1. Could you look through the stretch 64-95, keep only residues that are more than 16 Å from the ligand (Cβ to nearest atom) and of a type in the set (S, T, N, Q), and pick out the one that is modelled with the lowest pLDDT?
2. Can you pull out the residues in the stretch 64-113 that are closer than 13 Å to Met168 by Cα and touching a Leu at 6+ places or on another chain (Cβ under 8 Å)?
3. Only one of these conditions is not met by Lys207: (1) in contact (Cβ under 8 Å) with a residue 40 or more places away in the chain; (2) basic (Lys, Arg); (3) crowded, with 18+ Cβ neighbours inside 10 Å. Which number is it?
4. For the stretch 190-216, how many residues are closer than 26 Å to Val43 by Cα and away from the ligand (no atom under 16 Å from the Cβ)?
5. Can you pull out the residues in the stretch 232-266 that are over 20 Å from the mean Cα position of the chain (by Cα) and either over 27 Å from Asn187 (Cβ atoms) or part of a helix (DSSP H, G or I) (or both)?
6. From the residues in the stretch 103-120 that are surrounded by fewer than 20 Cβ atoms within 10 Å (Cβ to Cβ) and among the small types (Gly, Ala, Ser), which one is farthest from Leu27 (Cα to Cα)?
7. Regarding the stretch 214-237, can at least one residue be identified that is within 22 Å of Gly50 (Cβ to Cβ), hydroxyl-bearing (Ser, Thr, Tyr) and surrounded by fewer than 16 Cβ atoms within 10 Å (Cβ to Cβ)?
Amino acid sequence: MYHYIRKPSEEYPFFKFLHINDFKKQLDYFQEKYTILHPSVLVDKQLQSGVILTFDDGVKDHFNFVLPELMKRKISGIFYVSTGMYANKKLLDVHRLHILLGKFGGEFIYKQIMACINQSMLVDAHIEEFKTLTYTSQKNDAFTVLVKRMMNYFIGYQYREAVMDILMKDLIADEEKLCKQFYLSENDIKQMHSAGMIIGSHTAQHKVMSKLSLVEQEKEINDSFSFIDSVLGKQSIRTFCYPYGGFHTFTSDTEKLLHQYNCNYAFNVEPRDIEWNDLIHKQQALPRYDCNVFPYGKIWEN
Ligand SMILES: [Zn+2]
């Protein structure tokens with residue numbers, strides 16, 4: 001599993017990503033030590049030894065840096081795109097946070113959030129914990145962890161987008177333009193598909209599926225697959241991966257829905273190999289490793 005793969009940028013000094021040169025070295029390593037397999041082996045249920053490459057979130061990095069490298073090596077991967085922003089031209093909240101933290105660092109963003117929230121926006125269960133928070137560490141990374149906890153747990157879901165709207169308006173000049181630069185365009189997706197890449201669904205809004213009602217979950221699955229089908233027509237493989245990942249992020253109902261939508265297989269995040277039993281009984285929750293557990297997979301720090 002890969003996310004951002006790019007080169008260092010002065011504009012985003014705190015951004016976390018895998019350096020393109022490390023990505024190339026890691027591909028060399030996989031090709032030497034294992035084989036890089038086509039994603040169709042999981043549909044054909046051929047159990048072979050090898051590696052399947054997946055890239056989450058539909059970011060432009062995948063067109064700019066990953067596609068040329070895979071084409072050069074004549075290999076294929078799965079690109080899981082979230083589709084909500086193609087309609088509303090706003091970045092998804094998860095990526096807004098990466099951009100703000102990447103541009104300004106954790107400490108600055110923490111202070112900005114503190115300045116625009118009040119106690120009524122906090123989730124009751126977390127108010128006491130919030131009041132007793134003390135900030136002793138000077139490290140930006142510790143602030144980053146705190147910012148993520150605030151946005152994901154302390155601030156009620158209904159206020160989160162409003163808080164993000166304020167931060168974006170104050171700190172980012174032109175969100176619509178950035179949105180275009182940040183994500184794959186429909187044309188990029190078409191070109192990637194023509195080059196033999198598989199495009200999978202990563203929901204519409206990139207929310208934690210287990211937090212949504214069944215109706216909302218179905219909408220996420222339906223909207224995203226419909227969008228991809230409308231751009232590419234029917235693909236040979238229909239695949240999905242859960243936002244955030246981990247067993248707490250989806251339920252057996254989510255797996256059933258994916259079956260109903262004729263999804264061939266879905267990826268979770270669980271660091272172990274895929275076994276025969278997974279292919280037969282757990283197609284909608286296949287395990288997957290983060291690239292950082294393999295050589296050259298470490299996140300770049302400026
Ligand atoms: Zn994601």
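The values are calculated or read from the model by the stated rules, or taken from the named source; none is laboratory data. Only a predicted model underlies this, so the values are computations on that prediction, with no experimental measurement involved. In this analysis, Cβ positions are derived from the backbone assuming ideal geometry, glycine residues included, and neighbour counts consider all displayed protein chains.
1. Going through the qualifying residues, I end up with Asn88.
2. Residues satisfying the conditions are Leu91, Arg96, Ile99, Leu100, Lys103, Phe104, Ile109, Gln112, Ile113.
3. The one condition Lys207 does not meet is (1).
4. Result for the stretch 190-216: 9.
5. Listed by number, the residues that qualify are Leu232, Ser252, Asp253, Lys256, Leu257, His259, Gln260.
6. Across the stretch 103-120, the extreme among qualifying residues is Ser120.
7. Yes, the conditions are met somewhere in the stretch 214-237.
Conditions tested, residue by residue: (1) assigned by TED's automatic domain parsing to the domain that holds Ile172; (2) part of a loop (DSSP other than H, G, I, E, B).
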site	(1), (2)
Asp28	no, no
Ser40	no, no
Leu47	no, yes
Leu97	yes, no
Gly102	yes, no
Ile113	yes, no
